[in-house]
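These notes are about the structure you will find just below.
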Amino acid sequence: MKRSLVSNSVFRIHSRCPLHVDKTVWGLSDLATISDEGSDLCTKGFDCDVWQENGYRARVTPCGLVYLDPRPPDETSEWMLEKHADGYYTIPAKLRLQWIKDFHRGGRLLEVGCGRGHFLAAARREGFEVAGIDPDVESVHYALEKYGITVERNTIEESQLPEQRFEVVYHVDLLSHFPDPIRALRSMAARVGPGGHVCFEVGLTGGNSRAWYQWEGRLGFPEHRWLYSESALRSLLQCAGLQLVRLQKFGLLADLLLLRFRGLIWPLVRRCGIPDPRQRTPEAHASRLYLLYAWLQFILRYRIGRFVLGVGPHTAFVAARPVSQLDMR
């Protein structure tokens, strides 16, 4: 790879990180070259282009990590903006809580990127003591006014919340957006108390053939900075000092069919004057059409997706624990 295409940041080398990607690709705070015990997992052939969008080329490494070239500027705020309708969070909340309760029936729960606080409200009803972090001022105000939940307006990397305080640190659909996912995960792990877990949902859309990306049509670059395969995700967790405890995958084939159908009817929807949920108005978030869409997405993604595995992209529920805590046992 040409050095002119990537950041000239200074990197600290961590000999135990197994990602084996050229450190200039990530531009992260702490990334390794090949360790003595590692293999050439992602050091060769990582310049294979698989997609182009909004002036960015998506390149894939042999381990399935997809990254952007050129690297998006860290100071961009687009990744912080909420672009999902409320139903994306409210409808699957119970299922996501069931996953968390496999590890903790209660206790203190921190949601990173909590948005308008819907999941936190659901977790509180299930007996958790909740806290949230979100950089968006409108979302922070909404969570307080609607649910009475005080949310720190900040990012997890700069949060003032105390370390080792929470039984669960949770997030959904964030790992593709962080400028530095290793630093973000380490900041989450630092807030986990003894015996606690980092639980989250992440798309496993890296390492797929170009045909899948063509089928989807738009990957959301540069808001999505990284696409992960399962192999890349496991390595990322290890780089962040986390050990994978459990992973449950759901196939997205049926969900992608719904996405294609949505693309076909979207021009008609706009002509009918139906609010766009990305406008973040009460009318848009309460739109019956989008609530229906969210329910269909939930059924196709999770109820059907649990049986459609091994084909194309997936989403996954993940639970991990800080390695430092495991070493103390």
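The values are calculated or read from the model by the stated rules, or taken from the named source; none is laboratory data. Keep in mind it's a predicted model, so treat the numbers as computed, not measured. Glycine also receives a Cβ, built like all others from the backbone with ideal geometry; neighbour counts cover every protein chain displayed.
Tabulated results
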read-out: Any hit, the stretch 159-166, residues being closer than 25 Å to Q297 by Cα and hydroxyl-bearing (S, T, Y); value: no
read-out: In the stretch 79-129, the residues that are at pLDDT 95 or above and among the aromatic types (F, W, Y); value: W99, F103, F119, F128
read-out: Flag for R186 being touching a strand residue (DSSP E or B) at 6+ places or on another chain (Cβ under 6 Å), buried (at least 18 other Cβ atoms within 10 Å of the Cβ), modelled with pLDDT of 95 or more and basic (K, R); value: no
read-out: Any pair with Cβ under 7 angstrom, 6 or more apart, that starts in the stretch 47-66 at a residue that is farther than 11 Å from G207 by Cβ and not assigned by TED's automatic domain parsing to the domain that holds F221 and ends at one that is in a strand (DSSP E or B) and of a type in the set (S, T, Y); value: R59/Y67
read-out: Any hit, the stretch 193-208, residues being more than 14 Å from the chain's Cα centre (by Cα) and of a type in the set (D, E, K, R); value: no
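Table: residues versus (1) surrounded by 17 or more Cβ atoms within 10 Å (Cβ to Cβ); (2) modelled with pLDDT of 90 or more; (3) out of contact with any Ser or Thr (no Cβ under 8 Å at 6 or more places or on another chain).
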{"residue": "P277", "(1), (2), (3)": "yes, no, no"}
{"residue": "T281", "(1), (2), (3)": "no, no, yes"}
{"residue": "W295", "(1), (2), (3)": "no, yes, yes"}
{"residue": "Y302", "(1), (2), (3)": "yes, yes, yes"}
{"residue": "V308", "(1), (2), (3)": "yes, yes, yes"}
